[in-house]
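The values are calculated or read from the model by the stated rules, or taken from the named source; none is laboratory data. Every value quoted in this text rests on a predicted model; they were computed, and no experiment measured them. Counting neighbours? That spans all protein chains shown, and the Cβs are built from the backbone with ideal geometry, glycine included.
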Amino acid sequence: MDAQTIIARRIALELRDGMLVNLGIGIPTLVASYVPPGVHIFFQSENGLIGTGPIPQEGLAQARLTDAGGRPVSAIPGASTFDSAMSFGLIRGGHVDVTVLGGLQVDENGKLANWMIPGKMVPGMGGAMDLVSGAKRVIVAMQHTAKGKPKLVRRCTLPLTSARAVDLVVTELAVIAFPGGRATLVETAPGVSVQQVLAATETELTVAPEVLPMKI
Amino acid sequence: MMQTITLEDAVARIQDGASLMVGGFMGVGTPERVVDELVRQGKRDLTVIGNDTALPGIGIGKLVSANLVRKVIASHIGLNPETQKKMLAGEMEVELVPQGTLIERIRAAGYGLGGILTPTGVGTVVEEGKRKIEVDGREYLLEVPLRADFALVQAFLADYLGNLTYALTARNFNPVIAMAAATVIVDAEHVVPVGMIPPDNVMTPAPLVDYLVSRA
């Protein structure tokens, strides 16, 4: 199983029936494919849609029904559409149960940097700052390292997305939670030891009394 | 009272140096005919306010490519490399605003408010130079209203009085910018007789619309 699939499958298990969920682009988008059978999730697309469905079959795309990247999507029966003020009211107002976002860095207290690399990549924050500030629960989906460098760091060197800490980080190696505001290793992926996770992490991780195997 | 107007005459009313709010999200819900006519008439030094700058060859991206834009105010420019290039080269000013803050600043202008208080951006670079106000123990940024000379709106249906509806995710910024500009120019996919849009379905009431671009 590749890294992205491990991450997406694990995060899908965090979703509960009836939740309103916003998925960012990249790995987070894959989470929708692994929702357990019988669990109905309302997926929000921040351009103004609740009830986002799979990418339509060729020839069935509708030019006015798109995701936040402008790509055609489908809408499931029971979907609703609205303007951008309501879409961000849903986000900022605490109506979104879970948001899953990509990450560039997460610090030891759970602060996230995911929207720019000064001088290199300045795409704009889009909806990321509102999502992290407003969603009830923030889950970061990211690879554990980038080009061999840890992404779980003591302090973010990149600009923060929000002052609010995230709730959970899921990588291909581990699940990290933040009880009491401290980065804590709670699960390891199949075949991965606690030592391997610690070695790939810059943050001094607290190791939970019982580190569970990551369910995927 | 709304006037029906030719495309050429509608755009002729926009002077060089004007500020334009443009509906659309990655070009979905952008009045492409109006954008094309802005390019044809070569309007210069425009300030363009919109969610994003789409892609080269689509929506606001066409204005950027034609060097008609002095300043962009948007939440995301990451999918248009030309915008990033012009920004980094200092040829075009870009103000990046979190998406939920951008739409609320526009809404504040249209709804007669002196600004909005948002938690989004607190503790990030977005708070620089802004007033922070504490309400019930939580910190907020004061974000000021944003208005424009023109709103360029794409509707799905318009009746001959100017009542509008929007379709699916093409709604996005459109109904909000229709409240926040001195002059509102609308292009609609279909123009229908008065009464065809039931009162409950009107998303932008007729008195807000100044010009409807004729389909002829």
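Against the definition (free of Cβ contacts under 8 Å to residues at least 24 places away in the same chain, farther than 28 Å from A:Asp2 by Cα and within 14 Å of another protein chain (Cβ to nearest Cβ)), how does A:Gly126 come out, yes or no? For A:Gly126, the condition - free of Cβ contacts under 8 Å to residues at least 24 places away in the same chain, farther than 28 Å from A:Asp2 by Cα and within 14 Å of another protein chain (Cβ to nearest Cβ) - is not met. In the range A:130-140, the residue that is nearest to A:Leu160 (Cα to Cα) out of those that are at the interface with another protein chain (Cβ under 9 Å from one of its Cβ atoms) and under 13 Å from the mean Cα position of the chain (by Cα) is A:Val132. Of the residues making up the range B:166-178, none is β-branched (Val, Ile, Thr) and assigned to a strand (DSSP E or B).
Selection of the range B:40-55 for residues being over 17 Å from the mean Cα position of the chain (by Cα) and either among the hydrophobic types (A, V, I, L, M, F, W, C) or farther than 17 Å from B:Arg13 by Cβ (or both) yields an empty set. A single entry from B:Val22, B:Val34 fulfils the requirement of being within 12 Å of B:Phe173 (Cβ to Cβ), in contact (Cβ under 8 Å) with a residue 24 or more places away in the chain and not basic (Lys, Arg): B:Val22. The selection criterion, being surrounded by fewer than 18 Cβ atoms within 10 Å (Cβ to Cβ), more than 10 Å from chain A (Cβ to nearest Cβ) and in contact with a helix residue (DSSP H, G or I) (Cβ under 7 Å, 6 or more places away or on another chain), does not hold for B:Val184. In the range B:141-164, the residues that are farther than 15 Å from B:Gln3 by Cα reach residues that are at pLDDT 95 or above and acidic (Asp, Glu) with C-beta atoms within less than 7 angstrom, at least six apart or across chains, in these pairs: B:Leu141/B:Glu127; B:Glu143/B:Glu104; B:Gln154/B:Asp187; B:Phe156/B:Glu189. I want to confirm something. Restricting to the range B:66-83 and keeping residues that are facing chain A (nearest Cβ under 9 Å) and not in a loop (DSSP other than H, G, I, E, B), which single residue is surrounded by the fewest Cβ atoms within 10 Å (Cβ to Cβ)? Within the range B:66-83, the match that is surrounded by the fewest Cβ atoms within 10 Å (Cβ to Cβ) is B:Ala74. Of the conditions (1) under 16 Å from the mean Cα position of the chain (by Cα); (2) farther than 16 Å from B:Asp187 by Cα; (3) surrounded by fewer than 19 Cβ atoms within 10 Å (Cβ to Cβ), B:Ile58 satisfies every one except a single condition; which number is it? With (1) under 16 Å from the mean Cα position of the chain (by Cα); (2) farther than 16 Å from B:Asp187 by Cα; (3) surrounded by fewer than 19 Cβ atoms within 10 Å (Cβ to Cβ) applied to B:Ile58, the lone miss is (3).
The condition of being in a loop (DSSP other than H, G, I, E, B) and surrounded by fewer than 20 Cβ atoms within 10 Å (Cβ to Cβ) holds for only one of A:Pro77, A:Pro37, that being A:Pro37.
Kindly evaluate B:Leu113 against the criterion of being more than 8 Å from chain A (Cβ to nearest Cβ) and more than 23 Å from A:Glu46 (Cα to Cα). So B:Leu113 passes the test.
Where strands (runs of 3 or more DSSP E) fall wholly inside the range A:120-209, the ranges with 1 or more residues that are buried (at least 23 other Cβ atoms within 10 Å of the Cβ) are A:137-141, A:168-170, A:174-177.
Within the range A:86-96, can one find any residue that is more than 17 Å from the chain's Cα centre (by Cα), within 7 Å of another protein chain (Cβ to nearest Cβ) and buried (at least 24 other Cβ atoms within 10 Å of the Cβ)? Within the range A:86-96, one or more residues are more than 17 Å from the chain's Cα centre (by Cα), within 7 Å of another protein chain (Cβ to nearest Cβ) and buried (at least 24 other Cβ atoms within 10 Å of the Cβ). If you take the residues of the range A:30-73 that are within 27 Å of A:Gly124 (Cβ to Cβ) and polar (S, T, N, Q), which of them is farthest from the other protein chains (Cβ to nearest Cβ)? The selected residue is A:Gln44.
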